[in-house]
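What follows draws every value from the coordinates through simple rules; no lab data is involved. The structure presented is a predicted model; accordingly, all values stated were derived computationally and were not measured. Using ideal geometry, Cβ is built from the backbone for each residue, glycine included, and neighbour counts are taken over all protein chains shown.
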Amino acid sequence: MKRSPAAIITQVALLLFTACFTSCNYFNYLKNIKAMYKETESKEQSISIGVFIPGIMSGSPIYEMLGKGVLAAVEKHNRDSGEKRGVATIIEGGYNQAEWENKLTSMTASGSYDLIVSSNPSLPDIVAGISAKFPSQYFLLLDGEMDGNTHVCALRYNQREQAYMAGYIAALETEENGSVKRVGLVAAQEYPVMNNIILPSYLEGAQAVDPLYTVDFRIVGNWFDAAKAAELASDMIRNGEHVILCIAGGANEGVVNTAYNQNAKVVWFDTNGYNIRPGTVIGSSVLYQDLAAYHQILRFFAGKLPFGKTEIMGVNDGYVDFIVDDPLYINAVSGEVRNKQAEMIARIQNGELLLPY
């Protein structure tokens, strides 16, 4: 049927009105969706914490503790607080120390983190350069020392106490079973804390048993070469050394296995190592890094983290210890040695023996 011009004009007008109405409704719909998204986004804003692992977490107890402590603090904050939710992201830097600065720089440049947490004595030097480029980024460095930067908080463990306790037990055990007044130390690398704090304090602890003690100090060259560490330990044992402290990451396995096969003993550092080789590991001089990370992250959430300075934490702060109540320690070490070790630790705890960092 042929339509009149008037009818055609009316139909076109109706179509245009409908299209306009539909279009306007569509754009209003989009506007409302965006408003709802912004409102939801605002409600879900979070405090983002990045954890930079200078290495690999798996098989590195000190870094496993770091991650565990941060995650536990975030969980507690989210459970107990009505404030913004915390979110933690863990990024591994790998074993190649030359790559750490670039990886941490990329992490910082992303602008994704309200706080970046890490733990290694080499991190302060790396962070100093990164902080100059990204001055608004906040950092928390455990096991590091850095003062004067108002965006960096550092916590240094009293490793003089830690190494002293390790040296003392090494010399006590050598007195009972060794042939020479010498204790061993196998380290992954030389670095300022190792050379200036751990090594001399380990010797200091041994010489508190007898001033004639010396330390045979050997370097693996990396944190993973267990075969090289085994060679070093074997040579030390051939030279009459009965107890070896090992601070070499994954390379520690070579020291422990060699000591086990050649009837020598090992002192463990940073974590409880008695169950690694029961009877071979006769001492564990530890850091409670999980506890330190937990407490410091909660301080950050509360706005109480002391940026701009370094805090020193030791035995009497609950972050440094020597484990004396593990049944494997009790079975591995004579009662006389355990009593002498306990007496020395008590002197640190009651302030009679002062070992300032």
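Exposure proxy check: ASP321, ASP210 ranked by fewest other beta carbons within 10 Å? Walk me through the intermediate numbers first.
Numbers: ASP321 18, ASP210 12.
Placing the least packed residue first, the sequence is ASP210, ASP321.
Using the average count of surrounding beta-carbon atoms within 10 Å as a protection proxy, the listed peptides 150-160, 241-251 rank, highest first, as 241-251, 150-160.
The orientation-averaged projected area of the convex hull spanned by the Cα atoms of the chain comes to 27.5 nm². Once you divide the Cα radius of gyration of segment 233-357 by 2.2 N^0.38 Å, the number left is 1.26. Projecting the Cα positions of ALA230, ALA154, VAL127 onto the charge dipole of segment 118-237 (unit charges on Cβ atoms of Lys, Arg, Asp and Glu, taken about the Cα centre) puts VAL127 furthest along the positive direction.
On full extension of the chain, what length is gained from GLU75 through LEU212, given 0.36 nm per residue of separation minus the C-alpha to C-alpha distance?
On the way: separation 137, 0.36 × 137 = 49.32 nm, distance 5.09 nm.
Net length gain for the segment: 44.2 nm.
If you take the Cα centroid of segment 232-287 and the Cα centroid of segment 119-142, the two points sit 33 Å apart.
Please state the charge dipole magnitude for segment 222-357, taken about the Cα centre, from unit charges on C-beta atoms (+1 on K and R, -1 on D and E), reported in debye and rounded to the nearest 20. Write down the numbers at each step before the final one.
Numbers: 10 positive and 15 negative charges, 31 e Å.
In total the dipole reaches around 160 debye.
Using the Karplus relation 6.51 cos²θ - 1.76 cosθ + 1.60 with θ = phi - 60°, the per-residue 3J(HN,Hα) values for segment 179-195 come to 10, 10, 8, 8, 10, x, 9, 9, 10, 5, 8, 8, 7, x, 5, 5, 6 Hz, with x marking Gly and Pro.
Please get the size of the charge dipole for segment 143-290, origin at its Cα centre, with Cβ charges of +1 on Lys and Arg and -1 on Asp and Glu, quoted in debye to the nearest 20. Kindly include the intermediate steps, with their values, before the conclusion.
Details: 9 positive and 18 negative charges, 54 e Å.
Using Cβ point charges on Lys, Arg, Asp and Glu, segment 143-290 gives about 260 debye.
Just the Kirkwood number for segment 64-129, please: inverse of mean 1/r across all distinct Cα pairs, in Å, one decimal.
Numbers: mean 1/r = 0.0742 Å⁻¹.
Result for segment 64-129 stands at 13.5 Å.
Would you mind checking the pairs LYS181/LYS265; LYS228/LYS340; LYS265/LYS340; LYS84/LYS133; LYS103/LYS228; LYS68/LYS309 and listing those with alpha carbons more than 26 angstrom apart? Display every interim value, and only then the final one.
Numbers: LYS181/LYS265 15 Å; LYS228/LYS340 34 Å; LYS265/LYS340 18 Å; LYS84/LYS133 28 Å; LYS103/LYS228 28 Å; LYS68/LYS309 24 Å.
Over 26 Å apart, Cα to Cα: LYS228/LYS340; LYS84/LYS133; LYS103/LYS228.
What value, in deg cm²/dmol to 500, does the helix sum -39500 (n - 2.57) over DSSP H runs of n ≥ 4 give at 222 nm once divided by the residues of the chain? Walk me through the intermediate numbers first.
Values: 11 runs with 167 residues, N = 357.
Only helices count here, giving -15500 deg cm²/dmol.
Among 258-267, 167-176, the peptide with the highest mean count of other Cβ atoms within 10 Å heads the list, and the full ranking is 167-176, 258-267. Each of LEU305, ALA259, PRO327 was placed along the dipole of the chain (beta-carbon charges, centred on the mean Cα), and the one lying farthest toward the positive end is LEU305. Full extension of the chain between TYR191 and ILE91 gives 33.6 nm of extra length, using 0.36 nm per residue less the Cα-Cα distance. Using a/c under 1.5 as the rounded threshold, could you call segment 185-241 rounded, prolate or oblate? The axes a ≥ b ≥ c are square roots of the C-alpha gyration tensor eigenvalues, and prolate needs a/b larger than b/c, oblate otherwise. Oblate, since a/c reaches 1.5 and b/c is not below a/b. The magnitude of the dipole of the chain, with charges of +1 and -1 set on the Cβ of Lys/Arg and Asp/Glu and taken from the Cα centre, is near 2100 debye.
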